[in-house]
Amino acid sequence: MIEFAQQLVNGLSLGAIYALIALGYTMVYGIIKLINFAHGDVMMVGAYVGFFSITLLGTNILAAMLVAMLFCAILGVIIEKVAYRPLRNSTRIAALITAIGVSLFLEYITIFILGPAQKVFPSSAFPITEYHIAGISILNKNIFVFISAVVLMLILQYIIKWTKTGKAMRAVSLDMEAAVLMGISVDKTISITFAIGSALAAAAGVMVGVYYNTINPLMGIIPGLKAFVAAVLGGIGIIPGAMVGGFVMGLLETMVSGYGNSMYRDAVAFGVLILILLIKPTGLFGKNTGEKV
Amino acid sequence: MHEKKKTWLTFIFEVIVLAVLFTIVQYAMTVGLINQSYQINITSMCINIILAVSLNLINGFTGQLSLGHAGFMAVGAYASVIMTNNLGMPFIVGILVGCLAAGIAGFLIGVPTLRLKGDYLAIATLGFGEIIRVVLQNIDYVGGPAGMVGITRLTSWPWLYAATIVTILVIVNLINSSYGRAIISVREDEIASELMGINTTSYKVLAFVVGAMFAGLAGVLYAHFFYIIKPETFGFLKSFDIVVMVVLGGLGSTTGAVIAAIFITFLTFALQKYAAVRMIIYSLILIIVMIYRPQGLMGSKELTRKTFARIWSGKK
């Protein structure tokens, strides 16, 4: 039982990270129907910005997170403007291939500038303390990751539900043409969506740095894919779905590593994806929409 | 009667051209005009052509976006190496078993996933590709994460050449048959073709299985040339590589796939020393081509006898 609770604690913080990344995937998909393969790499850039903010500017972890979020928000907007906007009216596969191109570009430009070696996230920025509650060991980094992720998700919920921008985002994702007719600037709304999604990914990147202690230029791929699975699991395009999906993926992964064979944890993630796609492709929270001729 | 004779003549002409090309390269290899690194280049070129042409059948002609092609390559490679290295069978058995195993894998994966469409199918195939990789990593019999080493080099120029030609011939003839027309109709409009009485699922599965078999063939050739196979080699980055070739060449153009495969192989070869720069250039090409020419180099056009004849006679 204690073992189970321990895995639960670990899984929740990992799940929070996946949920944050999954939110970006789901928001972008919801609004322009594009699987933004570069999203995991934006997270990687965020981790690096956070890293340099701590080592070069000497900021604390929260400031580093904010710097990373700001940087990646701008990066996300630029990516959308340069690479995705010209393709808005072309085929889905063209956009998908471009996203893969952007992903490779971010990975290898980072390798080119900083080298392929991994960097150790400075532990001085986040001294580890361990708490014992009822036999379960809880690290302060788990708490930090979980709480900051939840706070960010609450802020996101507020933006989407109660602000004008959020209303515009929901309108554009529901029906882009109708939104234009209602006087919503679609370009601006899509830019904002990318900015918010990328900022969340950057925050997740800094969290990954704290959580795993090391960062490297290819660190975005696997968490990115898993977060994508999380987004599909919850129903892609549905924001609460991404949150739930992220936590489910995090918990599942720690359970599999804890009780089973940790080598299989990546396969499990994709197994879940395939199961959900076969049983309910629209995801846990998705509604079935009929095919129109 | 005259038409028939003409077809025969062009056929004989083509066979001669192919035979001459084969002999030139074979001669250059025996004499040593083509050194080791060029030989590797030629091998990768043939393998890439097989991969691109076979994936083009799935992605381009059938319109089903698959991102797990490297997985089938892995199945073919591993199955054949078990045959040749572990069981001591001749190479041809390895090739047949490799293709068969990849085809079966394609069938098993295709039947459930091809019900999905578009992005969902892309992700499901990507997932299956990764699952194949992870499963291979966990089977000790095939070396786990370290892979299989010490594979005898059996892939020679004649095998490569024959495999490439057979792949192109089979796929081009499939496309030009009534099956091919059904396959293309699925791409153009799935609902409409279903209404015309085409069993869309079975045609999609057919294309998927044939594509997977040839990916397996590419895997067999790969394994028996480079001495070593590792599960990592067949990850989704490799799948992306193949998709890039298909998309650059033009979805639904076999000649486009061949040209793009040759181009990408040369690019890789030329920038071998600068791995990071290579990938940056590669990604930029990808983005720029998609923005300015999203239909790819050839679109869905083909370079055929007629095109050459037209160029030859100077007519447009």
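Numbers for the structure displayed
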read-out: Selection count, the range B:116-135, where residues are of a type in the set (D, E, K, R) and at the interface with chain A (Cβ under 7 Å from one of its Cβ atoms); value: 2
read-out: Which listed residue, of A:54, A:17, is assigned to a helix (DSSP H, G or I), touching a residue at least 40 places away in the same chain (Cβ under 8 Å), surrounded by 18 or more Cβ atoms within 10 Å (Cβ to Cβ) and more than 16 Å from the chain's Cα centre (by Cα); value: A:54
read-out: The one condition in (1) crowded, with 24+ Cβ neighbours inside 10 Å; (2) touching a Pro at 6+ places or on another chain (Cβ under 8 Å); (3) hydrophobic (A, V, I, L, M, F, W, C) that residue A:28 fails to fulfil; value: (2)
read-out: Subset tally (residues that are basic (Lys, Arg), over 21 Å from the mean Cα position of the chain (by Cα) and more than 18 Å from residue A:100 (Cβ to Cβ)) for the range B:262-316; value: 6
read-out: Criterion violated by residue A:258 - all others in (1) out of contact with any Ser or Thr (no Cβ under 7 Å at 6 or more places or on another chain); (2) at pLDDT below 85; (3) in a helix (DSSP H, G or I); (4) within 13 Å of chain B (Cβ to nearest Cβ) satisfied; value: (4)
read-out: From the options B:258, B:210, B:244, B:220, residue that is at pLDDT below 90 and either on the phi > 0 side of the Ramachandran plot or in contact with a helix residue (DSSP H, G or I) (Cβ under 7 Å, 6 or more places away or on another chain) (or both); value: B:244
read-out: Residue satisfying all of: in the range B:157-201; closer than 30 Å to residue B:39 by Cα and aromatic (Phe, Trp, Tyr); nearest to the chain's Cα centre (by Cα) among these; value: B:161
read-out: Test set (1) among the hydroxyl-bearing types (Ser, Thr, Tyr); (2) in contact with a helix residue (DSSP H, G or I) (Cβ under 7 Å, 6 or more places away or on another chain); (3) surrounded by fewer than 14 Cβ atoms within 10 Å (Cβ to Cβ) - residue A:163 fails condition number; value: (2)
read-out: Any hit, the range B:38-49, residues being free of Cβ contacts under 8 Å to residues at least 12 places away in the same chain and among the hydroxyl-bearing types (Ser, Thr, Tyr); value: yes
read-out: Given (1) in contact with a Cys (Cβ under 7 Å, 6 or more places away or on another chain); (2) within 14 Å of chain B (Cβ to nearest Cβ), number of the condition residue A:45 does not satisfy; value: (2)
read-out: Check on residue A:42, under 19 Å from the mean Cα position of the chain (by Cα), surrounded by fewer than 21 Cβ atoms within 10 Å (Cβ to Cβ) and of a type in the set (A, V, I, L, M); value: no
read-out: Flag for residue B:77 being more than 14 Å from chain A (Cβ to nearest Cβ), buried (at least 18 other Cβ atoms within 10 Å of the Cβ) and over 20 Å from residue B:206 (Cβ atoms); value: yes
read-out: Where residue A:199 falls short, out of the listed (1) of a type in the set (A, V, I, L, M); (2) crowded, with 22+ Cβ neighbours inside 10 Å; (3) within 14 Å of chain B (Cβ to nearest Cβ); value: (3)
read-out: Index of the failed condition, residue B:147 passing every other in (1) over 30 Å from residue B:305 (Cβ atoms); (2) within 14 Å of chain A (Cβ to nearest Cβ); (3) of a type in the set (Gly, Ala, Ser); value: (2)
read-out: Given (1) within 30 Å of residue B:249 (Cβ to Cβ); (2) surrounded by fewer than 24 Cβ atoms within 10 Å (Cβ to Cβ), index of the condition residue A:136 fails; value: (1)
read-out: Residues within the range A:52-106 that are closer than 12 Å to residue A:38 by Cα and within 9 Å of chain B (Cβ to nearest Cβ), tallied; value: 12
read-out: Where a residue in the range A:252-276 is assigned by TED's automatic domain parsing to the domain that holds residue A:230 and its partner, wherever it lies, is buried (at least 17 other Cβ atoms within 10 Å of the Cβ) and among the aromatic types (Phe, Trp, Tyr), with Cβ under 9 Å and at least six apart; value: A:253/A:18; A:256/A:264; A:257/A:264; A:270/B:128; A:271/A:264; A:273/A:228; A:274/B:128
read-out: Of all residues in the range B:270-289 being surrounded by fewer than 18 Cβ atoms within 10 Å (Cβ to Cβ) and part of a helix (DSSP H, G or I), the one that is farthest from the other protein chains (Cβ to nearest Cβ); value: B:270
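The values are calculated or read from the model by the stated rules, or taken from the named source; none is laboratory data. In this text the structure is predicted, and so the values were computed from the model without any measurement. Cβ atoms come from the backbone with ideal geometry, glycine included; neighbour counts cover every protein chain shown.
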